[in-house]
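These notes concern the structure reproduced below.
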Amino acid sequence: MQRASGIAEAAARLPCVTRSDTATRSADARLILRMNARRPPRDVILTSEQAFHIVLHAVRTAVRFPARVSLEQILERLARDDEFQRTVTRWERLPAKPASYADFPSWLDGRIVATLRRRGIEALYSHQAEALETAHAGKHTVVVTPTASGKTLCYDLPVIDAIAKDASVRALYLFPTKALAQDQLAELERLAMDVDIELKTYTYDGDTPPAVRAAIRSAGHVVITNPDMLHTGILPHHTKWVKLFENLRYVVLDELHTYRGVFGSNVANVLRRLRRVCAFYGADPIFICTSATIANPEELARRHVEDDVHLVDQSGAPRGEKVLVFVNPPVVNPSLGVRKSALFTGRDIAATLLASGVQTIAFTRSRVSTELLLTYLRARFPAPQWPPDLVRGYRSGYLPSERRAIERGLRDGSVRGVVSTNALELGIDIGALQAAVLIGYPGTVASTWQQMGRAGRREELSAAFLVATSSPVDQYIVQHPDYVLQRSPEAGLVNPDNLHVLVNHLKCGAFEIPFERRERFGTEDTPGVLSYLDEQGILHEADGRYHWSAQTFPAEGMSLRTATTDNVVIVDQTDGRHHVIGEVDRFGAPLILHEQAIYLHESKQFQVERLDWENAKAYVREVKVEYYTQAGESVRIRVLDEFAEQSAPDFARGHGEVLVSAIATIYKKLTMFTHENIGWGKIHIPEQELQTTSFWLSLAEPAVAGWPKERVEIALAGLGNLMHGLAPLLLMCAPHDLGLAVEVRSPHTERPTIFLFDMTPGGVGFSERLFRSTDALLERAREHLAACGCGTGCPSCVGPAHALGPDVRDAVADLLSR
């Protein structure tokens with residue numbers, strides 16, 4: 001029940017609430033008008049449903065009023081709203097979970113225990129106590145527990161305890177982002193101050209002033225940095241960090257699940273170099289890793305640490321009651337399978353929550369979507385009726401001072417809502433939000449739980465809404481919510497021995513410390529690689545050791561985020577500015593940066609005026625046109641080496657090394673909103689080659705016996721689209737990390753064949769994982785196709801029927817049934 005006090009007075013002041021509006025208002029919304037006509041006494045009581053409709057009316061008319069509706073009342077009303085429930089595929093209420101405690105370890109410094117008790121912490125959660133014991137015993141440890149379960153203390157307490165007992169001890173903290181590093185610095189400084197020990201803690205990144213860097217090298221007990229800075233700014237200059245490396249006791253690797261794919265493969269090699277430098281100075285640090293829930297945390301930690309790791313995965317932290325709602329926007333174009341925009345649906349949910357006073361975070365999958373949703377929400381809450389900072393945006397590209405101000409506003413409650421990319425998914429302290437709205441499936445189950453976990457960081461009711469887009473992965477998730485609700489099937493994959501990655505780090509390692517002739521660095525064939533680099537003049541062998549001999553500084557020009565530095569740079573020459581606005585990998589550039597292409601950047605349109613292919617530069621100019629471009633390409637695949645093969649009666653599968661040859665052919669001009677083809681042109685760029693790994697699935701003759709060639713072709717294309725759309729569910733990768741090619745008669749298999757290949761040169765392990773998970777992938781494909789209500793084929797399953805043919809869905813269903 002809600003008191004009418006204040007609501008009537010707010011309604012009475014609204015010029016936009018007039019009696020002429022009553023025809024379009026619900027019975028409960030008209031209650032506002034009756035209050036406007038006659039002021040009720042202050043003890044008038046409204047039902048929760050009436051209060052809810054007043055909130056909705058206030059949102060639609062952009063009215064600010066002081067009354068609030070509780071989250072429980074909003075959820076009750078949504079549960080009874082037939083129109084909303086028609087979009088809900090799952091309404092799950094997770095019960096509250098009590099905490100499991102353990103005593104402080106007897107060896108923990110008394111000052112630390114006293115400080116924790118002053119903070120109201122009388123005991124540790126059970127997983128914290130287990131992590132402390134294993135780290136103290138000198139075992140590498142990986143902690144895998146939910147968001148807001150107190151993982152920070154799992155590494156802060158062993159570090160502070162060690163430094164409290166021996167001031168010479170050093171620790172190195174690695175975080176994937178600068179923002180997370182700054183947040184953890186503040187927490188560690190607060191804890192050290194409360195404990196009353198001298199703990200010199202610093203962040204060391206690109207923003208650290210040169211004058212401060214020397215002090216950090218000589219005096220820092222805890223150095224907080226990121227893998228990129230360790231790679232370029234610390235390891236190559238290890239002689240300036242003697243005190244750190246001689247006394248390094250602990251290395252903290254936070255958010256381990258983010259170190260996967262190309263980035264993870266590079267980071268694993270950076271850690272190899274770190275251990276090598278530590279060994280040079282006589283240190284053997286203990287690694288403490290933390291991770292979100294994935295299928296293989298222990299395996300992933302072992303790949304990075306290259307040693308045995310103790311797994312802590314039973315959380316002792318309490319959890320408040322949480323409601324999870326999976327929302328599938330209604331279909332607005334049945335023939336094309338197009339649904340109502342997830343942005344609009346998410347906006348409506350977020351606006352309802354914000355207008356009721358529920359502090360809310362909304363996650364989107366791109367910078368452009370973040371800015372669009374922020375614009376939509378601010379239009380619902382204009383000044384002066386609402387505070388100007390009621391809703392803020394948060395993404396990379398904002399100034400650090402802006403982001404810190406938004407984080408403070410969320411903690412103190414002055415900012416009621418925030419729209420963010422995954423920048424706020426990780427453990428930055430933003431206080432206790434009540435609701436989260438996810439616009440689109442974040443791409444992995446781990447990220448989904450991380451984002452949902454940003455709401456309900458205390459022991460109270462919280463809610464999370466996942467709003468699906470029309471993509472195949474989103475539609476699979478929203479129609480099979482158990483995929484998220486049950487244990488994660490995803491594995492974080494890395495391949496640190498990928499030669500494209502490894503060779504670059506061998507160069508960096510040789511620059512840091514010369515390699516012994518028989519020294520092993522990852523691969524068993526390290527001597528062979530070193531000999532090759534010697535022949536190329538990059539290294540020089542003398543007295544059985546390989547020394548760096550090139551003039552360049554190897555780490556400086558090498559990014560950890562890509563497997564190759566061979567990218568095409570995009571130069572904006574609007575108004576004669578000539579500044580770089582982005583880059584695209586060379587293999588993908590012909591489809592995006594061909595001449596006359598429309599390149600989209602931060603919701604602005606740029607036309608490619610000239611592509612200098614030899615010098616890898618695309619010159620663009622900002623334009624305003626009502627169309628975008630879409631390029632087509634021809635792809636050929638040659639199998640170089642088959643690693644494994646397995647046959648069944650109707651199909652065979654394999655994986656191996658392949659050479660992908662792709663040539664961009666033509667581009668189409670498509671209108672922005674109706675997607676009509678209004679023109680086309682030819683693309684003149686040389687054929688591109690990519691040597692990588694691939695998984696393939698070939699159809700045996702009985703599977704398509706009696707089928708005309710045209711039906712085999714559309715079935716193959718449709719099944720390829722379906723498998724390509726769903727494969728990221730098994731790989732913790734984005735769809736663009738995988739390439740797709742179909743061949744009606746493959747030269748290698750001599751059968752109709754689908755290839756899913758790794759877009760990273762040399763591959764990072766996706767093909768082997770797909771080979772081992774083929775049955776699971778095909779089962780998910782069957783489930784998803786059966787659940788899709790399109791009838792003939794749509795972008796959410798096998799692809800649009802109007803592009804592939806009206807028989808595509810039935811043809812794919814026939815194949816899968818076999």
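The values are calculated or read from the model by the stated rules, or taken from the named source; none is laboratory data. The shown structure was predicted, so the numbers you read here are calculated from the model rather than taken from an experiment. Positions of Cβ are backbone-derived with ideal geometry, glycine not excepted, and every protein chain shown enters the neighbour counts. In case anyone asks, the SASA skips ligands and DNA or RNA and just uses the protein heavy atoms, side chains included. Shrake-Rupley method; radii C 1.70, N 1.55, O 1.52, S 1.80 Å.
Some values worked out for this structure:
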{"item": "Which listed residue, of D525, D572, D543, D534, is open to solvent by 60 Å² or more (accessible area, probe 1.4 Å) and more than 26 Å from R303 (Cα to Cα)", "result": "D543"}
{"item": "Matching option when the condition is modelled with pLDDT of 85 or more and in contact with a His (Cβ under 7 Å, 6 or more places away or on another chain), among Y476, Y376", "result": "Y476"}
{"item": "Test: residue in the stretch 788-799 that is among the polar types (S, T, N, Q) and open to solvent by 20 Å² or more (accessible area, probe 1.4 Å)", "result": "yes"}
{"item": "Strands (runs of 3 or more DSSP E) completely within the stretch 304-376 that count 2 or more residues being of a type outside the set (D, E, K, R) and open to solvent by 20 Å² or more (accessible area, probe 1.4 Å)", "result": "310-312, 331-333"}
{"item": "Members of the stretch 676-714 that are in contact with a helix residue (DSSP H, G or I) (Cβ under 9 Å, 6 or more places away or on another chain) and of a type in the set (F, W, Y)", "result": "F695, W696, W707"}
{"item": "Residue tally, condition β-branched (V, I, T) and open to solvent by 10 Å² or more (accessible area, probe 1.4 Å), over the stretch 164-186", "result": "1"}
{"item": "Odd one out for R751 among (1) within 24 Å of G261 (Cβ to Cβ); (2) of a type in the set (K, R); (3) touching a helix residue (DSSP H, G or I) at 6+ places or on another chain (Cβ under 8 Å)", "result": "(1)"}
{"item": "In the stretch 69-92, the residues that are in contact with a Ser or Thr (Cβ under 9 Å, 6 or more places away or on another chain), assigned to a helix (DSSP H, G or I) and farther than 23 Å from A148 by Cβ", "result": "Q73, E76, R77, L78"}
{"item": "Boolean, A813 is under 12 Å from A717 (Cα atoms) and either open to solvent by less than 50 Å² (accessible area, probe 1.4 Å) or modelled with pLDDT under 80 (or both)", "result": "no"}
{"item": "Hits in the stretch 663-707 - residues which are in a strand (DSSP E or B) and under 22 Å from R751 (Cβ atoms)", "result": "T692, T693, S694, F695, W696, L697, S698, L699"}
{"item": "The stretch 413-437, subset among the hydrophobic types (A, V, I, L, M, F, W, C) and in a helix (DSSP H, G or I), residue modelled with the highest pLDDT", "result": "L424"}
{"item": "Which listed residue is open to solvent by less than 10 Å² (accessible area, probe 1.4 Å) and β-branched (V, I, T), from I197, I121, I112", "result": "I112"}
{"item": "Single match in E519, E512 (criterion: over 28 Å from Y667 (Cα atoms) and buried (at least 17 other Cβ atoms within 10 Å of the Cβ))", "result": "E512"}
{"item": "Checklist (1) of a type outside the set (D, E, K, R); (2) open to solvent by 30 Å² or more (accessible area, probe 1.4 Å); (3) modelled with pLDDT of 80 or more; (4) part of a helix (DSSP H, G or I) applied to L410, failing item", "result": "(2)"}
{"item": "Filter pass, L180 being under 27 Å from G120 (Cβ atoms) and free of Cβ contacts under 8 Å to residues at least 40 places away in the same chain", "result": "no"}
{"item": "Test result for A102, more than 30 Å from Y476 (Cβ to Cβ), modelled with pLDDT under 90 and small (G, A, S)", "result": "no"}
{"item": "Residue list for the stretch 725-748, restricted to those being surrounded by 19 or more Cβ atoms within 10 Å (Cβ to Cβ), in contact (Cβ under 8 Å) with a residue 40 or more places away in the chain and under 30 Å from S447 (Cα atoms)", "result": "G725, L726, A727, P728, L729, L730, L731, M732, C733, G739, A741"}
{"item": "Single residue of the stretch 334-358 satisfying the filter (among the basic types (K, R) and touching a strand residue (DSSP E or B) at 6+ places or on another chain (Cβ under 6 Å)) that is modelled with the highest pLDDT", "result": "K340"}
{"item": "Residue that is farthest from M452 (Cα to Cα) [pool: residues in the stretch 93-111 that are outside any loop (DSSP other than H, G, I, E, B) and touching a Phe, Trp or Tyr at 6+ places or on another chain (Cβ under 8 Å)]", "result": "A102"}
{"item": "Answer residue from the stretch 589-621, given it is surrounded by fewer than 18 Cβ atoms within 10 Å (Cβ to Cβ) and of a type in the set (G, A, S) and is modelled with the highest pLDDT among those", "result": "A616"}
{"item": "Search result, residues across the stretch 256-274 that are open to solvent by 10 Å² or more (accessible area, probe 1.4 Å) and touching a strand residue (DSSP E or B) at 6+ places or on another chain (Cβ under 7 Å)", "result": "R272"}
{"item": "Test: V262 is in a helix (DSSP H, G or I), in contact with a Ser or Thr (Cβ under 6 Å, 6 or more places away or on another chain) and β-branched (V, I, T)", "result": "yes"}
{"item": "Residue match in the stretch 276-292 (condition: in contact (Cβ under 8 Å) with a residue 24 or more places away in the chain and of a type in the set (D, E))", "result": "no"}
{"item": "Whichever residue in the stretch 200-229 is part of a helix (DSSP H, G or I) and more than 21 Å from E187 (Cβ to Cβ) and, among such residues, is modelled with the highest pLDDT", "result": "D228"}
{"item": "Filter result for L722 (assigned to a helix (DSSP H, G or I), touching a residue at least 40 places away in the same chain (Cβ under 8 Å) and in contact with a strand residue (DSSP E or B) (Cβ under 6 Å, 6 or more places away or on another chain))", "result": "no"}
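Here's the yes/no breakdown for (1) under 27 Å from N296 (Cα atoms); (2) not acidic (D, E):
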{"residue": "H140", "(1), (2)": "yes, yes"}
{"residue": "P146", "(1), (2)": "yes, yes"}
{"residue": "D161", "(1), (2)": "no, no"}
{"residue": "A164", "(1), (2)": "no, yes"}
{"residue": "L172", "(1), (2)": "yes, yes"}
{"residue": "L185", "(1), (2)": "no, yes"}
{"residue": "T201", "(1), (2)": "no, yes"}
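Residue-by-condition table, conditions (1) of a type in the set (A, V, I, L, M); (2) in contact with a helix residue (DSSP H, G or I) (Cβ under 9 Å, 6 or more places away or on another chain); (3) farther than 22 Å from L199 by Cα:
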{"site": "D103", "(1), (2), (3)": "no, yes, yes"}
{"site": "A129", "(1), (2), (3)": "yes, no, yes"}
{"site": "V159", "(1), (2), (3)": "yes, yes, no"}
{"site": "A171", "(1), (2), (3)": "yes, yes, no"}
{"site": "L174", "(1), (2), (3)": "yes, yes, no"}
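The rows are residues; the columns are (1) open to solvent by less than 40 Å² (accessible area, probe 1.4 Å); (2) modelled with pLDDT of 85 or more; (3) more than 17 Å from I349 (Cα to Cα); (4) polar (S, T, N, Q).
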residue: P388; (1), (2), (3), (4): no, no, yes, no
residue: L399; (1), (2), (3), (4): no, no, yes, no
residue: G443; (1), (2), (3), (4): yes, no, yes, no
residue: R458; (1), (2), (3), (4): no, no, yes, no
residue: L485; (1), (2), (3), (4): yes, yes, yes, no
